[in-house]
Every structure is written in structure tokens, then in C-alpha cells.
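Visitor: Below is a structure I'd like to ask you about.
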Amino acid sequence: MAVFRLISSAINKIFAFLFVLTILAAHTYQRKFCTKFDFDNLYITGYFRRIDARRRKAGKRTLLPLKKAEENEIIYPSRMKLMSHEKQKLTKGLIMVFGQIVFALVVFFLDYLLFESLDIIRRHSEVTTIMKGHHQLSVKVLGKGALARIMDNLFRSLKNQEHTLHHVSTNKRCLPHPTELDPWYLWLVLGIYIAQIGLYYMEAYALRLRRVIASFFYRRRAKKRTLYLYNEFMRKRVGFLTHMRKKIRRLVREKKLSIETALPTILRYKFPLLFGWLKWFGLGKKQCLICDDKENKLTHHCPGCRYVYCRQCWRDLKKACYYCNPADTSEDTQTSDKSSSSEED
């Protein structure tokens with residue numbers, strides 16, 4: 001009972017400590033949520049979509065759908081798919097768990113080797129010695145004198161003595177008697193690790209709930225954070241597209257512009273009748289010259305060259321192909337709606 005009370009007391013103290021840590025973590029998250037715009041601000045919320053829809057209706061630059069490179073920096077709360085940094089956390093946790101699983105399997109394997117070794121000793125090292133014999137003692141006194149009679153009386157009890165020997169000696173009690181580990185323990189340990197992997201996977205979704213709870217209690221702050229995120233992504237996109245346009249313009253002037261084309265893409269465009277079906281599997285698609293987005297129904301195919309542009313980039317370029325019309329582009333052509341590249345609440 002004393003041991004049970006000691007264990008129970010230790011468990012209660014551990015849970016109390018974890019409860020205090022949870023309260024401190026929640027307070028820290030609430031404080032950073034209300035003071036730092038860039039803290040845990042990676043979510044495409046309903047308000048984010050409404051901002052984008054409002055800008056689209058006004059004919060301004062929009063963000064959605066996101067570019068391929070931007071997808072890794074954002075989280076869709078309603079999607080089951082884990083985003084890039086969530087996968088990084090999950091990968092770190094899985095590496096730790098798999099290391100523990102390997103260690104546990106090594107321990108189980110060593111236990112099995114030890115059991116087999118001791119069992120072999122038990123089965124093949126037993127030695128049993130059996131000693132059997134028959135002893136018969138006979139005393140004869142020759143003579144008829146007084147001394148002979150005395151000796152005969154003295155050894156009369158020893159006459160015709162018989163003794164049978166049967167002794168068994170064995171080392172069985174000295175041999176090891178190993179007990180094989182119940183396979184149930186192996187499945188128990190593996191089950192615990194599988195549950196741990198599941199908890200690591202569910203952690204990403206649980207962490208998303210922090211923002212949902214904080215946004216419920218601090219709605220105005222949540223809107224300002226979403227507006228900040230939208231403007232930050234808009235500035236990054238404008239800067240990136242401006243950089244890419246300058247780079248491509250320079251390559252065109254130097255006649256060094258080239259794009260690596262995958263074999264499925266070559267086959268699809270060289271032999272459309274034979275390999276046109278590749279597009280249904282997401283293969284053989286060209287990429288936007290500016291942002292590397294894969295072609296879709298809205299992609300513009302320049303009739304004068306082999307390059308393609310996504311809808312947004314084609315509009316930013318004022319529908320002028322950089323490869324076909326390098327002279328028509330100027331350094332100040334950065335964005336078609338620079339004055340409206342940010343959104344206000």
C-alpha cells in the first residue's frame with residue numbers, strides 16, 4: 001500500500017505540473033496573438049477569402065489561387081492535408097519515435113537471443129550419472145579350535161551380507177531455466193508507439209484549434225491579423241514577380257532564355273494524337289514562364305513562341321510576351337495595379 005500511495009502521489013504531481021504548463025502555454029499564445037501580427041499567422045480564413053473576392057470584384061490584383069511556391073507557406077484550416085512546416089514538425093516527431101522503436105526492437109531481439117542461448121544450454125548441457133552395483137560380503141572362518149570359534153562368533157553378523165547400489169546424480173537443478181517473453185508485450189509496446197505516432201499526426205490539427213479559439217474571443221484582432229497576412233503575401237508576390245520579370249527580360253536581351261522541358265511535355269506537344277492523354281494524369285504540362293505555375297484552362301499560350309503564361313502574369317505583363325516582344329517591355333512595368341497592391345480594412 002505504501003508503494004501504491006507513493007506512485008499515486010507522483011502521478012498527481014506530474015499531472016499538476018502539466019496542468020500548470022498548459023496554462024502558461026495558453027497565456028503565452030494569447031499574449032503573442034494580441035501583440036505580434038506575424039505570430040502563428042499562416043491561415044487562409046473565410047475573411048481572407050472575402051478580401052480576395054472583394055478585390056476581384058473591383059478588378060484589382062488578387063492572391064487566390066495561390067502560386068505553387070506560396071502553398072508551402074500557408075495553412076488551410078479545413079483541409080486534412082498537412083502543410084510544409086506542419087510536415088516538418090511531424091517528421092521530427094516521427095524520427096524520434098522511429099529511433100525509439102528501433103531501440104525497443106533491439107532490446108526485444110537481445111532478449112530473444114539471450115533466451116535462446118540459455119535454452120540451448122538447458123537442453124544440451126544436462127548431465128545425468130547413474131551408478132549401479134551389487135555387493136556381497138561372505139566371511140568364512142576355517143578351523144575348529146577355540147580361537148576359530150571365537151572368530152566365527154565375532155564375524156557371524158557379517159556373513160552373507162548383500163547390498164545393491166543404485167544412485168542417480170544430475171546437474172538439472174544447476175542449469176538455467178529461462179522464461180520466454182510473452183509476445184503480448186511486444187504488441188503492447190508497438191501499440192504504444194503507434195498511438196504516439198497518431199498523437200504526433202493529430203497534434204497539427206490540435207494546434208490549429210488555438211487560432212480558432214483565439215479568433216473567437218478576439219475577433220477584431222483576428223481580422224487585423226488576416227489583413228496583415230493578405231498585404232504581406234501581396235507584397236511578396238509583387239516583389240517576386242517583379243524580380244522574375246527583370247530576370248527574364250535580361251535573359252531575353254542576352255538571348256540566354258531557356259526552360260528545361262520534361263520528356264512527357266515534349267511527347268505531348270510533339271505527338272498530341274498519341275500522347276494527349278498525359279494531361280489527364282497531370283503530366284506533360286508546361287509551366288508559366290514567370291511563376292512556374294502549371295498550365296490550366298486559363299493559361300495563355302503565346303502563338304509566336306513555345307512559352308506559356310498564367311492568367312495573373314499575363315495580365316501583369318499587359319498581354320505582351322517577353323520573348324516575342326522584348327523591345328515593348330520597360331523597366332518601370334512592374335505591376336498593372338501597383339497602387340492597389342495592398343488592402344485596407
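The values are calculated or read from the model by the stated rules, or taken from the named source; none is laboratory data. These numbers were taken from a predicted model, which means no experiment stands behind them. Here the Cβ positions follow ideal geometry from the backbone for every residue, glycine too, while neighbour counts run over all protein chains shown.
Visitor: Does Val238 fit the bill of being of a type outside the set (Asp, Glu), more than 28 Å from Tyr43 (Cβ to Cβ), assigned to a helix (DSSP H, G or I) and in contact (Cβ under 8 Å) with a residue 60 or more places away in the chain? Don't jump to the end; show me each part of the working.
Guide: Numbers: of a type outside the set (Asp, Glu): yes; more than 28 Å from Tyr43 (Cβ to Cβ): no; assigned to a helix (DSSP H, G or I): yes; in contact (Cβ under 8 Å) with a residue 60 or more places away in the chain: yes.
Taking the combined requirement at face value, the residue does not satisfy it.
Visitor: Okay, next question. With the requirement that a residue be within 29 Å of the chain's Cα centre (by Cα) and among the basic types (Lys, Arg), what does region 189-232 give you?
Guide: Within region 189-232, Arg208, Arg210, Arg211 qualify.
Visitor: Does region 118-127 include one or more residues that are touching an Asp or Glu at 6+ places or on another chain (Cβ under 9 Å) and either among the charged types (D, E, K, R) or surrounded by 13 or more Cβ atoms within 10 Å (Cβ to Cβ) (or both)? Explain how you work it out, then say what you get.
Guide: Applying the first criterion (touching an Asp or Glu at 6+ places or on another chain (Cβ under 9 Å)) to region 118-127 yields 119.
Remaining after also requiring either among the charged types (D, E, K, R) or surrounded by 13 or more Cβ atoms within 10 Å (Cβ to Cβ) (or both): 119.
Within region 118-127, one or more residues are touching an Asp or Glu at 6+ places or on another chain (Cβ under 9 Å) and either among the charged types (D, E, K, R) or surrounded by 13 or more Cβ atoms within 10 Å (Cβ to Cβ) (or both).
Visitor: Quickly run through region 294-316 and pick out the residues that are under 13 Å from Leu241 (Cβ atoms), among the hydrophobic types (A, V, I, L, M, F, W, C) and in contact with a helix residue (DSSP H, G or I) (Cβ under 9 Å, 6 or more places away or on another chain).
Guide: Listed by number, the list holds a single entry, Cys313.
Visitor: In region 267-299, how many are without any contact (Cβ under 8 Å) to a residue 40 or more places away in the chain, in contact with a Cys (Cβ under 8 Å, 6 or more places away or on another chain), within 19 Å of Leu257 (Cβ to Cβ) and not charged (D, E, K, R)?
Guide: Summing the residues that are without any contact (Cβ under 8 Å) to a residue 40 or more places away in the chain, in contact with a Cys (Cβ under 8 Å, 6 or more places away or on another chain), within 19 Å of Leu257 (Cβ to Cβ) and not charged (D, E, K, R) in region 267-299 gives 2.
Visitor: Give Lys255, Lys270, Lys246 a once-over and let me know the one that is among the basic types (Lys, Arg), farther than 21 Å from Leu66 by Cα and surrounded by 13 or more Cβ atoms within 10 Å (Cβ to Cβ).
Guide: Lys246
Visitor: Residues of region 43-83 being exposed (fewer than 12 other Cβ atoms within 10 Å of the Cβ) and hydroxyl-bearing (Ser, Thr, Tyr), which ones?
Guide: Scanning region 43-83 gives a single hit, Ser78.
Visitor: Conditions first: (1) hydroxyl-bearing (Ser, Thr, Tyr); (2) under 28 Å from the mean Cα position of the chain (by Cα); (3) in a loop (DSSP other than H, G, I, E, B). Tyr29 passes all but one, so which condition is the exception?
Guide: With respect to (1) hydroxyl-bearing (Ser, Thr, Tyr); (2) under 28 Å from the mean Cα position of the chain (by Cα); (3) in a loop (DSSP other than H, G, I, E, B), Tyr29 is out only on (3).
Visitor: State yes or no: is Leu105 surrounded by 10 or more Cβ atoms within 10 Å (Cβ to Cβ) and touching a residue at least 60 places away in the same chain (Cβ under 8 Å)?
Guide: On the way: surrounded by 10 or more Cβ atoms within 10 Å (Cβ to Cβ): yes; touching a residue at least 60 places away in the same chain (Cβ under 8 Å): no.
Criteria not met by Leu105.
Visitor: Looking only at region 104-153, how many residues end up being of a type outside the set (Ser, Thr, Tyr) and part of a helix (DSSP H, G or I)? First the steps, then the outcome.
Guide: Of region 104-153, the ones of a type outside the set (Ser, Thr, Tyr) are 104-111, 113-116, 118-124, 126-127, 130-137, 139-153.
Those left that are additionally part of a helix (DSSP H, G or I): 104-111, 113-116, 118-124, 146-153.
Qualifying residue count, region 104-153: 27.
Visitor: Regarding Ile130, is this residue touching a strand residue (DSSP E or B) at 6+ places or on another chain (Cβ under 8 Å) and among the β-branched types (Val, Ile, Thr)?
Guide: Working: touching a strand residue (DSSP E or B) at 6+ places or on another chain (Cβ under 8 Å): yes; among the β-branched types (Val, Ile, Thr): yes.
Yes; evaluated as a whole, the condition is true for this residue.
Visitor: Just give me the residues in region 104-163 being more than 30 Å from Cys174 (Cβ to Cβ) and modelled with pLDDT of 90 or more, in sequence order.
Guide: Correct list: Ala104, Leu105, Val106.
Visitor: Also, quick follow-up: Let me confirm something: among Arg253, Arg311, which residue is at pLDDT 75 or above and in contact with a strand residue (DSSP E or B) (Cβ under 9 Å, 6 or more places away or on another chain)? Even if it seems obvious, please write down each step before you answer.
Guide: Numbers: Arg253 fails: in contact with a strand residue (DSSP E or B) (Cβ under 9 Å, 6 or more places away or on another chain).
So the residue among Arg253, Arg311 that is at pLDDT 75 or above and in contact with a strand residue (DSSP E or B) (Cβ under 9 Å, 6 or more places away or on another chain) is Arg311.
Visitor: Among (1) among the acidic types (Asp, Glu); (2) on the phi > 0 side of the Ramachandran plot; (3) not in a loop (DSSP other than H, G, I, E, B), where does Glu232 come up short?
Guide: (2)
Visitor: Here's a follow-up. Yes or no: region 176-183 includes at least one residue that is within 60 Å of the chain's Cα centre (by Cα), closer than 30 Å to Leu42 by Cα and hydrophobic (A, V, I, L, M, F, W, C). Show your work before the answer.
Guide: Kept after step one, since they are within 60 Å of the chain's Cα centre (by Cα), are these residues of region 176-183: 176-183.
After this cut, where a residue has to be closer than 30 Å to Leu42 by Cα as well, the list is none.
Checking region 176-183: not a single residue is within 60 Å of the chain's Cα centre (by Cα), closer than 30 Å to Leu42 by Cα and hydrophobic (A, V, I, L, M, F, W, C).
Visitor: Consider Glu116 carefully, then state whether it is closer than 28 Å to Leu181 by Cβ and touching a strand residue (DSSP E or B) at 6+ places or on another chain (Cβ under 9 Å).
Guide: On the way: closer than 28 Å to Leu181 by Cβ: yes; touching a strand residue (DSSP E or B) at 6+ places or on another chain (Cβ under 9 Å): no.
So Glu116 fails the test.
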